[in-house]
Amino acid sequence: MKKILLGLAAMSAVSFAAVPNYGAAATGGTNVFQTGQNGKIAVTGTLTSTIPVVKYVVFASTDGTTADDTLALTTFTLSADSVKNVFEDTNPKVYVKRVNGYENGFTDLLSSDVVEFSLERDGYMGDAADFQNNWVQVGGKLQMLPLMMLSDARIQEIVNEAVKSVSGILNANGLLYLETTNRWRAYLQPNTIHFKHTTNGVLEIVADTRGLRLNYDPLNEMENKAVDAVLAASEPSSGFSILVRLQ
């Protein structure tokens, strides 16, 4: 906090302030004066300034204006068919803006406001093999395996049910896989969920070609169908968040 003092005269007046001398002769330019004269009283005080705190807000929106505090994604379909393995509709985008001076809305970012996005699951940033956990600036992207949207407890329930039909299936942070002789096989789809930082402070969420776990072969048709059957009902996401910071 920066303080500006109003000069030595003011400081002296503060230091030596006293009750006016009511018996003093009436004298112009003093505390005691008479008709035809000007009275005068010294003024003391201080000025102070504060460094303004710049606040930012992150919200979801379909138009960049109407703000929601939670990102509600449309349903993502798990399918071996890349045409069907997509979101059922266009998702809202994530926006980062400056809180305005009245704190009742937002304004656009400045060119000096460099936004970075990352992903978090259940309070941690996870395994890069399951979803990319680095921070990305504009032009970058993150992607994640779809099952990472579910809680650990729900994923384990799915495994417990699927293992009745697919013996030996295992779970590694949302990756369902089988340890086979050659390359291991996994429950993987052609597309994953991509988080694209298209414009500074704007994140788009789309289905796009999988770039994770390429060292696994897919489950065979029977095994895929067994897991698909467990996931046939809509599954609510839990514990997944998008992180934002200003660089």
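The values are calculated or read from the model by the stated rules, or taken from the named source; none is laboratory data. Keep in mind the model is a prediction, meaning the values are calculated, not measured. Ideal geometry is used to build each Cβ from the backbone, glycine not excepted, and the neighbour counts take in all protein chains shown. Side chains included, ligands, DNA and RNA excluded: accessible areas come from the protein's heavy atoms. Shrake-Rupley method; radii C 1.70, N 1.55, O 1.52, S 1.80 Å.
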Putting +1 on Lys and Arg Cβ atoms and -1 on Asp and Glu Cβ atoms, find which of Ala232, Asn173, Leu119 reaches farthest to the positive end of the dipole of the chain. Leu119
If ligands, DNA and RNA are left out, what is the accessible area of Lys55 with a 1.4 Å probe, given in Å² to the nearest 10? 90
Sort Leu78, Leu219 by heavy-atom solvent-accessible area, probe 1.4 angstrom, most to least. Leu78, Leu219
Here, GluC sites (Glu not before Pro) of the stretch 164-247 satisfying both criteria (DSSP loop; at most 12 other Cβ within 10 Å) are Glu179
Under 10 Å from the Cβ of Asp208, count the other residues' Cβ atoms, weight Lys and Arg +1, Asp and Glu -1, and hand me the total. +3
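About its Cα centre, what dipole magnitude does the chain give when the only charges are +1 on Lys and Arg Cβ and -1 on Asp and Glu Cβ, stated in debye to the nearest 20?
Working: 19 positive and 25 negative charges, 276 e Å.
My answer is approximately 1320 debye.
Enter the accessible area per residue of the chain (Å², integer; probe 1.4 Å; all protein chains in place).
Numbers: 14800 Å² over 247 residues.
Per residue, the chain has 60 Å² of solvent-accessible surface.
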Please label the shape of the stretch 116-247 as rounded, prolate or oblate, based on the square roots a ≥ b ≥ c of the eigenvalues of the alpha-carbon gyration tensor (a/c under 1.5 means rounded; beyond that, a/b larger than b/c means prolate, else oblate). prolate
For the stretch 174-234, what is the largest minus smallest coordinate of the Cα atoms on each principal axis, given in angstrom and ordered from greatest to least? 45, 30, 16
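Work out the length of the dipole vector of the stretch 26-159 about its Cα centre, built from +1 on the beta-carbon of each Lys and Arg and -1 on the beta-carbon of each Asp and Glu, and round it to the nearest 20 debye.
Values: 9 positive and 16 negative charges, 180 e Å.
With only Lys, Arg, Asp and Glu charged at Cβ, the dipole is about 860 debye.
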Given a Förster radius of 25 Å and the C-beta distance between Lys225 and Phe87 as r, what FRET efficiency does 1/(1 + (r/R0)^6) yield to the nearest 0.05? 0.65
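Please work out the ratio of the alpha-carbon Rg of the chain to 2.2 N^0.38 Å and round it to two decimals. Don't skip to the answer; put the middle values down first.
Working: Rg = 32.4 Å, N = 247, 2.2 N^0.38 = 17.9 Å.
It is 1.82.
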Using the crude model of +1 on Lys and Arg Cβ and -1 on Asp and Glu Cβ, and no other charge, please compute the dipole size for the stretch 137-247 relative to its Cα centre, in debye to 20. 340
Counting other C-beta atoms within 10 Å, and keeping those with at most 14, which DSSP coil GluC sites (Glu not before Pro) do you find in the stretch 66-154? Glu88, Glu103
Projected area, mean over directions - the stretch 76-165, Cα convex hull, nm²: 9.3
Centroid-to-centroid separation of the stretch 156-210 and the stretch 109-152 [C-alpha atoms, Å]: 16
Given the rule -39500 (n - 2.57) for each run of at least 4 DSSP H residues, summed and divided by the residues of the chain, what is its mean residue ellipticity at 222 nm, to the nearest 500 deg cm²/dmol? -3500 deg cm²/dmol
Describe numerically, in nm with one decimal, the distance between label points set 7 Å from Cα along Cα→Cβ at Val43 and at Asp122. 6.5
Per residue convex hull volume, Cα atoms of the stretch 31-137, in Å³: 230
